[in-house]
Amino acid sequence: MTKEIALTFDDGPWGTRTVRVVDELTNRKIPATFRIWGEHMAEYPEILKVAAENELFAFGNHTYHHHHLTGLSDKEILSELNKTDDLFYELTEEKLDFVRPPFGDCEAHTLAIIQRPLICWSLDTMSWDHGNSAKCIEAIHKAKDGDIVLMHDFQEADVLALPEILDYLEEENFTFKTIPELLGAQLNDEAYIYYSRDKRAKTGFGGS
């Protein structure tokens, strides 16, 4: 039985780590989605442009300064997104249609302000917590059909683990999808917070 999964990489572009992730995915023709941290895009514009030219990849807005959105005013939230949108368009002439809230920090009010799909996750390698590539690989062994996987091209542990993660998922007959491919026509509905292909809500992880 074929299973679908979306690999998502947060916090890039980040120097050679992002380049290594892009090269690994490109060489294996595996689609993925990158969530762009605006400050890092400003620091590494050429890396972003190369990745954006690759038809395997999709991109989402991860805000400009990577702050907790629930701690910002409505005006500050929109500024965080607009500044990232504008720079991404300047570099690629493409738009960012969905948002990954930093830390998964969002609620019904955040969704109402942003009015775009907020893409959270159903499986996290936790590289940001432990920095251990073996634990990243171990986490992937819990993958299920329809999962959205949180990884970071910013984190060396995820970069090191990626080849073995891809090997495992291929052996388990997963088909790799970008977020637009995995979620499909759902993204044309009114804005929701998405956790996987089969789970969406109007509330955040904290239930608010």
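The values are calculated or read from the model by the stated rules, or taken from the named source; none is laboratory data. What you see is a predicted model, and the numbers here were worked out from it, not measured in a lab. So basically every Cβ, Gly included, is an ideal-geometry build from the backbone, and we count neighbours across all protein chains shown. Side chains are part of the model used for accessible areas, which takes the heavy atoms of the whole protein and leaves out ligands, DNA and RNA. Shrake-Rupley method; radii C 1.70, N 1.55, O 1.52, S 1.80 Å.
Can you tell which of L48, L7 is assigned to a helix (DSSP H, G or I) and at pLDDT 95 or above?
L48
Closer than 21 Å to E170 by Cα, in contact with a Leu (Cβ under 8 Å, 6 or more places away or on another chain) and either surrounded by fewer than 16 Cβ atoms within 10 Å (Cβ to Cβ) or at pLDDT 95 or above (or both), is that true of L25?
Numbers: closer than 21 Å to E170 by Cα: yes; in contact with a Leu (Cβ under 8 Å, 6 or more places away or on another chain): yes; either surrounded by fewer than 16 Cβ atoms within 10 Å (Cβ to Cβ) or at pLDDT 95 or above (or both): yes.
When the stated conditions are applied, L25 passes them.
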Exercise. For the range 164-185, which residues satisfy the criterion of being assigned to a loop (DSSP other than H, G, I, E, B) and within 16 Å of R100 (Cα to Cα)?
Worked result: T178
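Just to verify a result, which residue in the range 97-108, among those that are assigned to a helix (DSSP H, G or I), open to solvent by less than 70 Å² (accessible area, probe 1.4 Å) and touching a Leu at 6+ places or on another chain (Cβ under 9 Å), is farthest from G204 (Cα to Cα)? Write out each step before concluding.
Our first condition is that a residue be assigned to a helix (DSSP H, G or I); within the range 97-108, this holds for 102-104, 108.
When the remaining residues are screened for being open to solvent by less than 70 Å² (accessible area, probe 1.4 Å), the result is 102, 104, 108.
This time we only want the ones that are touching a Leu at 6+ places or on another chain (Cβ under 9 Å), so: 102, 104.
Values: P102: 12, G104: 8 Å.
The selected residue is P102.
Pick out the one residue from E90, E94, E76, E138 that is acidic (D, E), assigned to a loop (DSSP other than H, G, I, E, B) and either modelled with pLDDT of 95 or more or open to solvent by 70 Å² or more (accessible area, probe 1.4 Å) (or both). Before the answer, list the steps.
Details: E90 fails: assigned to a loop (DSSP other than H, G, I, E, B); E76 fails: assigned to a loop (DSSP other than H, G, I, E, B); E138 fails: assigned to a loop (DSSP other than H, G, I, E, B).
After ruling out the rest, the residue left standing is E94.
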Exercise. Restricting the search to the range 22-64, which residues are under 14 Å from E80 (Cβ atoms) and of a type in the set (S, T, N, Q)?
Worked result: N61, T63
Exercise. Which of the residues that make up the range 150-208 are under 21 Å from I113 (Cα atoms), in contact (Cβ under 8 Å) with a residue 24 or more places away in the chain and surrounded by 15 or more Cβ atoms within 10 Å (Cβ to Cβ)?
Worked result: L187, A191, Y192, I193, Y194, Y195, G204, F205
For this session: List every residue pair whose Cβ atoms lie under 6 Å apart, where the two residues are 6 or more positions apart in sequence or sit on different chains, the first residue falls within the range 119-140 and is free of Cβ contacts under 8 Å to residues at least 40 places away in the same chain, and the second residue, located anywhere, is open to solvent by 10 Å² or more (accessible area, probe 1.4 Å) and among the charged types (D, E, K, R).
Result: I137/E164
Exercise. Give me the pairs: first residue in the range 26-49 and free of Cβ contacts under 8 Å to residues at least 60 places away in the same chain, second residue part of a loop (DSSP other than H, G, I, E, B) and among the aliphatic types (A, V, I, L, M), beta-carbon distance under 9 Å, and six or more apart or on different chains, which are they?
Worked result: T26/L56; K29/L56
